[in-house]
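Novice: Please read through the structure below; I'll follow up with questions.
The values are calculated or read from the model by the stated rules, or taken from the named source; none is laboratory data. Source: prediction; values computed, not measured. Quick reminder, even Gly has a Cβ in these numbers, built from the backbone with ideal geometry, and neighbours come from all protein chains shown. Quick note on the areas: whole protein, heavy atoms, side chains included, nothing else; ligands and nucleic acids left out. Shrake-Rupley method; radii C 1.70, N 1.55, O 1.52, S 1.80 Å.
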Amino acid sequence: MTTLFYLTMLIALLAALQVVRGLNAVHALLHLIVALLALALLFFLLGAPFAAALEVIVYAGAIMVLMVFVIMMLNQGDAAVEQERAWLDGASWRGPGLLCALLLLELGYLLLASDTGSAGWRPVAAAEVGRALYGPYLLLVELASMLLLAALVGAWHLARALKNRRGEES
Amino acid sequence: MILVWLLLLPLLAALFAPQVEHWRADGSRWLSLTALGLQALLLLAAAGGGGDWWLESRADWLPRLGIGWHLGLDGLSYLLLWLTVALGAVSVLISWREIRQRVAFFHCNLMLSVAGIVGVFLALDLFLFFVFWELMLIPMVLLIAIWGHDNRRYAATKFFIFTQASSLLMLIAILGLAFAHQSQTGTLSFDRDALLRLELAPGLAYWLMLGFFVAFAVKLPMVPLHTWLPDAHTEAPTAGSVLLAAILLKTGAYGLLRFSLPLFPAASADFSPVAMALGVAGILYGAKLAFAQDDMKRLVAYTSVSHMGFVLLGIYALNGMALQGAVMQMLAHGFSTAALFIVVGMLQERWHTRDLRQLGGLWTQLPRLSGFTLLFALASLGLPGLANFIAEFLILAGAFQRSWPLTAVAALGLVGAALYALLLVQRGLWGGGAPAPGRHDCSRREWLVLGALALALFWFGLHPQPVLDLVREPLVQLLDAPHHAAESPPRLPVGSWL
Amino acid sequence: MTELPVEHGLLFAAALFCIGLVGVLIRRNLIFILMSLELMLNATAFVFVLGGALHGNADGQVMFLMILTLAAAEIAVALALVVHLYRRYRSLDADRLEAMKG
Amino acid sequence: MAALLLWIPLMPLLSSLLLLLAGARLGERPVALLGVGSVALSALFSLAAILSFSASDGVAWGIETLPWFSALGLEVGFSLHFDGLSAVMVGVITGVGLLIHLYSVAYMAGDADFARFFAYLNLFVAMMLILVLAGDFLLLYLGWEGVGLCSFLLIGFWYRQPENGYAARKAFVVTRIGDVALALGLLILVQQFGMLNIQDSVDQARQLWPGSDLAGWVALLLLGGAVGKSAQLPLQTWLPDAMAGPTPVSALIHAATMVTAGVYLIARTQGIFMLAPQVLQLVALVGAMTLFLAACSALVQHDLKRILAYSTISQIGYMFFALGTGAFSAAVFHLMTHAFFKALLFLAAGQVIMSLHHEQDTRRMGGLLRPMPFSALCFAIGCAALAALPLTSGFYSKDAILLQAYAQGGAGFAWWLALAGALVTALYSLRLFVRLFLGDCRTLPEPDNRPLLCWPLGILCLLALFGALIPQPLHDVFSAAPQAHVPLPVHLLVLAMPVIGLVAGIWLLLRHRDWRQAFATGALARWWRAGWGFDVLYDWLLVRPLLWLARVNRRDLADLPVQLLVWTSRICHQGLSRLQSGRLRHYAVGIVGGAVLILAVVL
């Protein structure tokens, strides 16, 4: 069981690296989906089936699909790949890379230093999550819905402006 | 009740100026004049009264913070209020033709500034005093910034920053005082009478006094802090510079007399040699700079630095005669410098230049205006028979008793005054080169204004008694507070010399 | 499941987060920046779920749910903006957007 | 009788105010009438006052007209005081003033600013009368400064030429330095006595100050004021330049009245000076040195009016010398006679200049004896009185000074200097007369003998000759000077000095033409002509540094710190704004860097 755990973690990390190093937008996106699925599996292994399901359905399903739509719509084609390669020369890796490695070290040191016992570990079924959602966190759910509504309106408004613009341009 | 109306009138005038301007072309000018006229009437009604304060108006404003609405009128503020009303009217009169655009807003600012000044002269609650102190500043900055001459922005911002920075120091000092009062008597209070009864530790008193002194010293241009004055004056419209020179400078001196000296008697006594030295430096430095200027208005501006140096010398000589001389000088300087600014304004109106190099030989073209300029130059020179002489003589006599070497150096200021005044006459009025001819001499309105100021100078020169009596009572009261530092003022220590 | 050491999980999440961060800092193409952003979001979500699972209560997953909605909302608006920018600047270069200069 | 006293200064004052306000509209005739009339009336009143004063056997009376102001610790009133000294001064001022007013009606006829001239002249007479009649030091100071103002206005009367303006300013500023000294003297009196009444202060000084050196200080400062106004040694450079004004002005102000104000001040405060013997000696020394210095300068001047100016300085030097040696009455006596003959000389010079079409350089004059006999006569009498030849008023007054000085102080350095001065005076007065009236005629004069010119000159001639006979009611004003016996040889020497000078002059004239030529162009003559180099000294010592300082500091160095502040804030602004590059990724890196730092700190 734990080897499976470590294996998926490794896959997720590699996929993430590919996303970052990817030149072609679509390939990077696919790698991202792979990483998300690996994460979903991890959730399942951690005993959070509800989260895993959501991850697959909402995240990998809906959001990534949206990304695909946008990338297709912008259809930059091969020119973009060359440009990416130009942008991604070795020099630009060093600065931020060093910074993030430093950050990783600090996080790692912090995490190792603190002793987190694994007492009381048990899988949490979807029902319990449901009860929590509509119990103490009812307000949170309402807020989340408000957030989604706002995002919807925002995106719609931007799109509408886009429609007029396209009308003018073409 | 009169005091409250004294404040309300200019505020109302400021409020309704746009409205009235809407109805009639020069409506706001007449509105300002009527407001000032009514104020004069109120002052007449308030004349004469015994006791500490002739009139008092007291009310609670923020009792929890110990801030009260406390106005008081006595001889000193009565005199300065008359000066404010008189010169406010003069500045409205002379801007009749000069201010063309946005007349209503101009008069609104003018009246707001007058209201601020009236408030400053009446306020007896330190917090209220600070409110009015700020109120009078903003409209004046606007006056300079909007209706000024070429680089008015620079002058307005410089004036604003100088005054604002120093008044913040004063605010700290006021708060220090209030908290000191709270620590001693448990109640927080900003009222002047309460704070008068406070015994402060010498060190603390010294610093608080310095806080007040710096704010008033910037306003009364003391030498190191005076550099805002020439710019503010040269760029201000005539009415603005009259108001600025004649009254705003006096608020600094008034502040010293009303707050700095009584609240910190011992500290002021210790500080007096330094302040007198700075005053003398002001006299000589101002005279030297006035002597070097080409721009006529800058020259006159520096003369007021020199005259206010005399006032500072007089105030910190800490004896009755010098204080009376200082108040007299405030009055005389108000008239003579305002008159000189009006003359410069008139010349600018006619030839659109203030440069002495181009303004020579005016006597041939404008004999009457040149006659007036000569008279006002002689007044600022301190010619006996005019008001400035009485003031300067009293100041020198008073200061002489405190420290005679300083007074001897200050007396050299008289020679400096002779230099710049006669230079103004020589380069402006005499000499050969005359600017473009064909300008009319004094119009009736101008003649009226200049004649009134000349008459005032002669009147207070030959009969200054009413002013001296008016001011005697408050100054004696001010001096009663324990004043003399350890040693009494040195009699003439001549023995050691010969 | 119990013997799964928590530290490794957290380390994993940290690593994932840093990779996402590198992506955001380096890439100049807006799309890639958004994708890296998604990675960072998921890393945090993972920590929440791990924490919830660790202590055995549902809060972890509730928080995960919140992050989910947040990500959805954010990506929707972000993509709309990206399309807009593309329309206007004809390119997806993040450095083109320097109108707010000094 | 007291009210009469008030009217003496008031008449000219009122007429000058009237002329100032409405002068331009009146024609020349009414202006002349008003100007001369007011001075005539004032002369009449003063004559009446003098007569009633001497009738009431010299009892001094003063009137407290109305209080000027009373501050905390100082009471001052417009009080007037009339005693023997004031009688003499008032007589001289109004008498000579009237004659000069008459003369200037003709002299200034046709000038555009006729009214303004008479306004200033009347104002001057009024201020001088106030100065002389003042019973209070502050009122005296008012007159003192007023007189200085009028001299400024009158010197710069023809204001179109800038150099006149410069001369006027120089006169006012130099006298103002003296006035500052006088003011400081008054301040000491205010500090010590709390009041400024002249008589009371002098009496108090006599009682309270016999030992202390306060009297020395006050006397020194009063001397400073007197030296400024009477153009004595340190501050004498302004008088020769003051000749830029019209000639009647030079006659009235710079010969007869204003320059004697210093002498009057010292005479008036005699009580204080007596308490300070060293200062008295200083006065004598100043007088003697000025006397000799001015006489030598007058010997080599070319400009006619400058010769008379330097001679005035020299004669006033005599008065100071007399005051210094205690011969107060002799000084005042000389003051009166000097006023007569110097006014005569100046007015005659005015007539000569006008008839030579405003030519003032004596080198281009000469041979005027035949065409202008009357001027020649006036000049002859004037020069005789100036040189103190026997039977002229100058003789009695100058010899009285020399003799009383010898009686008081013996033959000190100052006395010998005075004697030498008398010799040089005779020389330059002879030179003046010869230069003008003998020799060949270089410019053709067209004589201008209008009656208004000649009558005043005639009267002044009589006064110059018989002025010494006018009795001076001074016996009670000054403490009687001990009449020590003066040995006969000294008497003879003093009497003979002018005659010796005359003979020497004639001898030099006839025989040593080449020696005189060489001397006239020599370095010494040039140095003397420039007033012993005082002008150049002051120019380098005071004027140039001040001008340099003014030029350097025109932009007001005190403004520097403020400008510095503005400059630094601008620099910081530019630096910071470069940070905001607008690039998204830079900000992101900034955030992450910050995070890393914070974590590093937290660890």
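Novice: Roughly what would the spin-label model give for residue D:364 and residue A:85, points 7 Å off Cα along C-beta, in nm?
Specialist: Calculated label separation equals 10.3 nm.
Novice: Which links in D:170/D:342; D:229/D:305; B:219/C:101; B:219/B:288; B:158/B:288 stretch past 29 Å when you go from one Cα to the other?
Specialist: Going by Cα-Cα distance, B:219/C:101 fall outside the 29 Å limit.
Novice: Could you sort the residues of the stretch B:295-329 by number and keep only those whose accessible area is reduced by 10 Å² or more in the all-protein-chain setting relative to the chain alone, 1.4 Å probe?
Specialist: B:298, B:302, B:320, B:321, B:324
Novice: For peptide C:63-71, compute the average count of partner chain beta-carbon atoms within 10 Å of each residue's beta-carbon.
Specialist: The mean count of partner-chain Cβ atoms within 10 Å per residue comes to 6.
Novice: Looking at chain D, send over the antiparallel percent of its DSSP beta bridges, to the nearest 5. If you can, show how the numbers build up before the last one.
Specialist: Values: 11 of 12 bridges.
Antiparallel bridges: around 90 percent, rounded to the nearest 5.
Novice: For a label point 7 angstrom out from the Cα of residue D:450 toward its Cβ, which stretches of the stretch D:231-253 have the backbone nitrogen within less than 17 Å?
Specialist: D:246-249
Novice: How big is the gap, in Å, between the Cα center of the stretch B:312-334 and the Cα center of the stretch B:376-450?
Specialist: 17
Novice: Estimate the FRET efficiency between residue B:45 and residue B:154 by the formula 1/(1 + (r/R0)^6), using the beta-carbon distance for r and 56 Å for R0, to the nearest 0.05.
Specialist: Efficiency, rounded to the nearest 0.05: 0.80.
Novice: Which FRET efficiency, nearest 0.05, do residue D:303 and residue D:391 yield, Cβ-Cβ r, R0 35 Å?
Specialist: After rounding to 0.05, the efficiency reads 0.70.
Novice: Something else about it: Using only helices, what value at 222 nm comes out for chain B when you add -39,500 (n - 2.57) per DSSP H run of length 4 or more and divide by the total residues, to the nearest 500 deg cm²/dmol?
Specialist: -24000 deg cm²/dmol
Novice: For the stretch D:276-511, go through all pairs of different Cα atoms, get the mean of 1/r, take its inverse, and jot down that Kirkwood value in Å.
Specialist: 18.1
Novice: Something else about it: Given Cβ point charges of +1 (Lys, Arg) and -1 (Asp, Glu) and nothing else, what value in debye, to the nearest 20, does the dipole of the protein assembly as shown about its Cα centre take?
Specialist: Roughly 3560 debye for the protein assembly as shown.
Novice: Using 0.36 nm per residue, how much length does the chain from residue D:160 to residue D:377 gain when fully extended, once their Cα-Cα distance is taken away?
Specialist: Values: separation 217, 0.36 × 217 = 78.12 nm, distance 3.52 nm.
Result for the pair: 74.6 nm of gain on full extension.
Novice: Something else now. Full extension from residue D:571 to residue D:546: what is 0.36 nm times the residue separation minus their Cα-Cα distance, to one decimal in nm?
Specialist: Taking 0.36 nm per residue and subtracting the Cα distance, the gain is 5.4 nm.
Novice: Please list the radius of gyration and Dmax for the stretch C:6-90, considering alpha-carbon atoms only, with Å as the unit.
Specialist: Values for the stretch C:6-90 (Cα only, Rg and Dmax): 15.2, 50 Å.
Novice: Can you give the mean number of other chain Cβ atoms that lie within 10 Å of the Cβ atoms in peptide B:455-467?
Specialist: On the way: counts 0, 0, 0, 0, 0, 1, 3, 5, 4, 4, 5, 1, 1.
Partner-chain Cβ atoms within 10 Å, mean over residues of B:455-467: 2.
Novice: I need two numbers for the protein assembly as shown: Rg to one decimal and Dmax as a whole number, Cα atoms only, in Å.
Specialist: 46.0, 151
Novice: State the answer as a single residue: which of D:534, A:74, D:327 lies farthest towards the positive end of the charge dipole of the protein assembly as shown, with beta carbon charges of +1 for Lys and Arg and -1 for Asp and Glu, about the Cα centre.
Specialist: Result: D:534.
Novice: Taking each full run of DSSP H in chain B as one helix, which ones are at least 24 Å long along their axis (Cα atoms) and have mean Kyte-Doolittle hydropathy of at least 1.6?
Specialist: B:2-23, B:103-122, B:126-147, B:404-424
Novice: Now for a different question. Name the residue farthest towards the positive end of the dipole of chain C from the options C:65, C:78, C:10, assuming +1 on Cβ of Lys and Arg, -1 on Cβ of Asp and Glu, about the Cα centre.
Specialist: Result: C:78, furthest along the dipole toward the positive end.
Novice: Probe radius 1.4 Å, ligands and nucleic acids left out: can you give me the accessible area buried at the C-A interface, summed over both chains, in Å² to the nearest hundred? Walk me through the numbers before you get to the answer.
Specialist: Values: alone 7440 and 13380 Å², together 13720 Å².
Looking at C and A, the buried total is near 7100 Å².
Novice: What whole number of Å gives the distance from the Cα centroid of the stretch B:15-62 to the Cα centroid of the stretch D:382-461?
Specialist: Result: 71 Å between the Cα centres.
Novice: Treating the angle as unsigned and between 0 and 90°, give the value, to the nearest 10°, between the Cα long axis of helix D:84-107 and the longest Cα principal axis of chain D.
Specialist: Roughly 90 degrees between the two axes.
Novice: A follow-up question, please. So, for chain B, what is the accessible surface per residue at a probe of 1.4 Å, expressed in square angstrom?
Specialist: The answer is 32 Å² per residue.
Novice: Here's another thing I want to ask about it. Angle between the Cα long axis of helix D:413-437 and the longest principal axis of chain D, 0 to 90 degrees, nearest 10?
Specialist: The answer is roughly 80 degrees.
Novice: Follow-up. Using the alpha-carbon atoms, what tilt in degrees (0 to 90, nearest 10) does helix D:488-511 show relative to the longest principal axis of chain D?
Specialist: Approximately 80 degrees, to the nearest 10.
Novice: Using the heavy atoms of the protein chains alone and a 1.4 angstrom probe, what is the accessible area of chain D per residue in square angstrom?
Specialist: That works out to 38 Å² for each residue.
Novice: Still on this model: Within the accessible area of the stretch D:361-459, what % is carbon and sulfur when the probe is 1.4 Å and the other protein chains stay in place?
Specialist: 69
Novice: In the stretch D:508-525, whose amide N lies under 12 Å from the spot 7 Å out along Cα-to-Cβ of residue D:434? List them in ranges.
Specialist: From the stretch D:508-525, the list is D:508-517.
Novice: I would also like to ask the following. Could you tell me, in Å, what Rg and Dmax come out for the Cα atoms of chain D?
Specialist: Over chain D's Cα set, Rg and Dmax evaluate to 30.1, 120 Å.
Novice: Then there's this: Taking only the alpha carbons of the stretch A:54-97, what extent do you get along each of the three principal axes, in Å, biggest first?
Specialist: 39, 26, 9
Novice: Could you tell me which Cys residues in the protein assembly as shown have no other cysteine's Cβ under 4.7 Å from their own Cβ, answering none if every one has a partner?
Specialist: Cysteines lacking a close Cβ partner in the protein assembly as shown: B:108, B:442, D:150, D:296, D:378, D:383, D:441, D:454, D:461, D:572.
Novice: Next up: Nothing charged except the Cβ atoms of Lys and Arg (+1) and of Asp and Glu (-1): what's the magnitude of the dipole of chain B about its Cα centre? Round to the nearest 20 debye.
Specialist: Here the size comes out at about 1160 debye.
Novice: What total accessible surface area, summed over both chains, is buried at the interface between chains A and D, computed with a 1.4 Å probe and given in Å² to the nearest 100? Mind showing how you got there, number by number?
Specialist: Details: alone 13380 and 26240 Å², together 38950 Å².
Using a 1.4 Å probe on protein heavy atoms, the buried area is about 700 Å².
Novice: If you wrap a convex hull around the C-alpha atoms of the stretch D:381-463 and split its volume per residue, what is the figure in Å³? Could the numbers behind the result be given before it?
Specialist: Working: hull volume 8.9 nm³, N = 83.
Taking only Cα atoms, the stretch D:381-463 has a hull volume of 108 Å³ per residue.
Novice: Taking the dipole about the Cα centre of the stretch B:233-331, with the C-beta of Lys and Arg at +1 and of Asp and Glu at -1, give me whichever of B:273, B:286, B:248 is farthest to the positive side.
Specialist: Toward the positive end, the furthest listed residue is B:248.
Novice: Calculate, for residue C:98 and residue A:92, the FRET efficiency according to 1/(1 + (r/R0)^6) with r their C-beta to C-beta distance and R0 22 Å; round to the nearest 0.05.
Specialist: 0.80
Novice: At 25 °C and 0.890 mPa s, grab the translational diffusion coefficient of the stretch B:270-488 from Stokes-Einstein with a Kirkwood Rh over Cα pairs, rounded to a whole number in µm² per second.
Specialist: Using the Kirkwood radius from Cα pairs, D works out to 137 µm²/s.
Novice: Charges at C-beta only: +1 for Lys and Arg, -1 for Asp and Glu. How large is the resulting dipole of the stretch A:2-125 about its Cα centre, in Debye rounded to 20?
Specialist: Numbers: 4 positive and 7 negative charges, 40 e Å.
Roughly 200 debye, rounded to the nearest 20.
Novice: Based on alpha-carbon centroids, what's the gap between the stretch D:307-354 and the stretch D:110-131 in Å, whole number please?
Specialist: Their Cα centres are 22 Å away from one another.
Novice: Right, something else. Counting only the heavy atoms of the protein chains, how much of residue D:364 is accessible to a 1.4 Å probe, in Å² to the nearest 10?
Specialist: Surface accessible to solvent at residue D:364 totals approximately 120 Å².
Novice: If you roll a 1.4 Å probe over the stretch D:511-601 with all protein chains in place, what percent of the accessible area is carbon or sulfur?
Specialist: 72
Novice: Per residue Cα convex hull volume for chain B, in cubic angstrom?
Specialist: Value for chain B: 138 Å³ per residue.
Novice: Additional query: Once you put a point 7 Å from the Cα of residue D:488 and another 7 Å from the Cα of residue D:66, both along the Cβ direction, what distance in nm separates them?
Specialist: Placing both labels 7 Å beyond Cα along the Cβ direction yields 6.5 nm.
Novice: Could you give the nm distance between label points at residue D:539 and residue D:600, where each point is 7 Å from its Cα heading toward the beta carbon?
Specialist: That separation, rounded to one decimal, is 7.3 nm.
Novice: Tally up the carbon and sulfur contribution to the accessible surface of the stretch C:55-102 as a whole percent, 1.4 Å probe, everything protein left in place. Intermediate results must be reported in sequence, preceding the final value.
Specialist: Details: 1290 of 2110 Å².
Here carbon and sulfur together make up 61 percent of the probe-accessible area.
Novice: Moving on to the next point. Which whole-percent values make up P(r) of the stretch D:555-602 when all C-alpha to C-alpha distances are grouped in 5 Å steps starting at zero?
Specialist: Using 5 Å bins, I get a P(r) of 5, 16, 13, 12, 12, 12, 9, 8, 5, 5, 2 for the stretch D:555-602.
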